[in-house]
Every structure is written in structure tokens, then in C-alpha cells.
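The values are calculated or read from the model by the stated rules, or taken from the named source; none is laboratory data. This structure is a prediction, so every number in the text was calculated from the model and none was measured. Cβ atoms come from the backbone with ideal geometry, glycine included; neighbour counts cover every protein chain shown. Note: accessible area is taken over every heavy atom of the protein model, side chains too, but ligands, DNA and RNA are not part of it. Shrake-Rupley method; radii C 1.70, N 1.55, O 1.52, S 1.80 Å.
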Amino acid sequence: MSTPQPLVDQFQRRITYLRLSVTDRCDLRCAYCMPERMTFLPKKDVLTLDEMHDLALGFIARGITKLRLTGGEPLVRRDMIDLVRALGRRIGAADGQGGLEELTLTTNGTRLAEFADDLRAAGVRRINVSLDTLDREAFARLTRRDSLPQVLEGLAAAKAAGLKVKLNTVALKGINEHEIADIVAWAHAQGFEATLIEVMPLGEVEEDRFDHYLPLVAVQEDLARRWTLAPSGHRTGGPARYWDVAETGRRLGLITPLTNNFCEGCNRIRVTATGQLYACLGGNEQVDLRAALRSDDPQGALSAALDTAMRIKPERHHFAIDGRGEAPALARHMSMTGG
């Protein structure tokens, strides 16, 4: 039997990082992410957890070393922790079938209090938590749910469980720009890292993203007047570029898909909860892995599909928010693709 070949795209980028969405469902309704009356996928269209496990093993065999479970909100899926435990057994595996270096999770934190200890026991050591405001009323307006107390309880539970936490904050003009520095300071005081993200034009929402688009170059300039920022060589495998904050002793990450394209070093692919592989978050290039998994030769069909994905992965995305009233760059919502 031939040895599976590493995943390398047409631009000679080695693909080592998979973001696997386990559900498109979420218990929040963040205004920049989805409409209030969001239509979610029929459950019959979503991969089973066993299929997701088989899919992940196929990727690991082809050289994926970092796997992030995403959603929607991954922890709302029933029995999802069983998948985490199964994948956790691949961390550091040396049985010739490929092993993970890291298994991580992106969550909104609402159910972390329930699952933090289980995640740690399953092999997760680091998580990203999406949090855009520390003001309860603002949180309720932005997410359309009064859930900030549960998120803060979840963050405390994650810290107590020994999980490293990174807060992801979307910078939103007129919504949270006045408290971004306070969020970063709070995160660093808690021992968490913080990353700021520009809003991405994915999916139709009720509000116009142009009104809330806040370029991070302006945010960085504002923070540099408050703190001493020095470029950091730290990398996590994701798109963030990091700065050391002298006064807090911790790092600040910036993800700038609009003002500073970071695609030249892309090592990532995403798979939706229905098994659609998107070679780029900002593109429509996709391969149907669900069909491969449910074919007469799942292993062979999956390998062929991954080869196709490497051929169609684009050099870069073309996100832009240039004017009011523009349609989103892509029709699908972030919760469908996976964060």
C-alpha cells in the first residue's frame, strides 16, 4: 500500500490545519454573523459524528497536524464531547497512521462551564472564545441573548480546568470600539490572550456591515497610544499576527482579512458540518466530502477528493467592504462554513 501523500496546493503551500465544523447551529444570534430568524440545516444533511471522525482520520493520514472544531457553536451538538475524546487519542500518536500535534476548539463560551473539565481530560489544551463586549446590555443587543453571565462563568471554568484561553473580539465601529482596549486589558489580567478581528462580509444580515466596519490599523494606532506594542514572532498556525504588549506582559493578535491580506502563508482548509470542503474561507471553491464518505470506496474517494481540493485552492481571497448597501462577498454565513 502506498504511503498517503501530504496535502500541498498548487502554490506549494503545505496544508496542515483543518477547521472542522460539527454544526451550523448556535445558541446566540450575533448581529454581524446571522439574522435573528436563522434557518439551520436539516439534521439529515449533517455528517454523523462517526463520519466526522472518519473524515478527520483521513485528513490526519494526509498530514493534518492541527485540528480545530468549530460551529456554529460546537458545544450545542449532542454527544460532541465523544468526538473530542476520539480525536484526542490521535494527539501524539506514533502508530504510523499519523498523529495530531494539537486539538483545539472555538466556542462562544455559553456551555464552557459544563464542558471545560471534559475538554481538558480529552486532550484539548487551548481554546478560542468569541467575546465582543463585557457590557451585559451591549452583549444582549449584539447577540440577541442575555448570556454574558454564562460566558463569564464558562471562562472561569476553563481557567480553573487549566485550559489556555484566547479571546477573539470582532472590532465593530459604533458598537464596541470604545471598549476594545478594556477588553484586551481584562483578558490579559485574567491570563488570557486576546485577538482582534475585522468583520467579514459573509452572509446576509439585517444590518449593513459597512456601518460597523472598523479597520484594525486604526485600532492598533489607538492602542499604541496607550501601550507599548512590539512585533512578536509568535505563530499559532492561524492568520493572526501578534504584538507583545509591554505593560501587560501578554500578546495581542490582529486578524486583518480586509486591510492586510494574509493569504500567502495559508495552511488551512475548512469542512462544513455537511462535509463540504471549502479550500478558502473567502471563495466558493468546494469539494463534496460527504459524497466520498458515503460512496462504495470511502477511503479511495476521500483521498481523490482531497487531491482535487489541493488543485482548486485559490491563491487568495478577495474580501472587501467598500461601500454601504453592498451585497456580502459570499452568500453563506460564517456559522455555515465554520469559524
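Side notes on the structure shown:
- Subset of region 157-184 (residues that are open to solvent by 30 Å² or more (accessible area, probe 1.4 Å), in contact (Cβ under 8 Å) with a residue 40 or more places away in the chain and in a helix (DSSP H, G or I)): Ala160, Glu177, Asp182
- Residue match in region 6-15 (condition: in a strand (DSSP E or B) and in contact (Cβ under 8 Å) with a residue 24 or more places away in the chain): yes
- Here Arg250 meets the list (1) at pLDDT 95 or above; (2) within 22 Å of the chain's Cα centre (by Cα); (3) open to solvent by less than 30 Å² (accessible area, probe 1.4 Å) almost entirely, failing just condition (3).
- Matching residues, region 132-145, being surrounded by fewer than 17 Cβ atoms within 10 Å (Cβ to Cβ) and acidic (Asp, Glu): Asp135, Glu137
- Residues that are farther than 18 Å from Arg77 by Cβ, in a loop (DSSP other than H, G, I, E, B) and touching a residue at least 60 places away in the same chain (Cβ under 8 Å) within region 17-37 comprise Cys30, Ala31, Tyr32, Pro35, Glu36, listed in sequence order.
- Qualifying residue in region 146-156 (condition: open to solvent by 30 Å² or more (accessible area, probe 1.4 Å), touching a strand residue (DSSP E or B) at 6+ places or on another chain (Cβ under 7 Å), aliphatic (A, V, I, L, M) and not in a loop (DSSP other than H, G, I, E, B)): no
- Enumeration of residues in region 131-153 that are over 17 Å from His212 (Cα atoms) and within 18 Å of the chain's Cα centre (by Cα): Val151
- Criterion: open to solvent by 10 Å² or more (accessible area, probe 1.4 Å), free of Cβ contacts under 8 Å to residues at least 24 places away in the same chain and within 30 Å of Asp54 (Cβ to Cβ) - qualifying residue of Arg78, Arg126, Arg90: Arg78
- Selection within region 43-67: residues that are within 20 Å of the chain's Cα centre (by Cα) and within 14 Å of Arg85 (Cα to Cα). The member of this set that is surrounded by the fewest Cβ atoms within 10 Å (Cβ to Cβ) is His53.
- Of residues in region 177-208 being modelled with pLDDT under 95 and of a type in the set (A, V, I, L, M, F, W, C), the one farthest from the chain's Cα centre (by Cα): Val205
- Phe59 being of a type outside the set (Ser, Thr, Tyr) and in contact with an Asp or Glu (Cβ under 7 Å, 6 or more places away or on another chain): no
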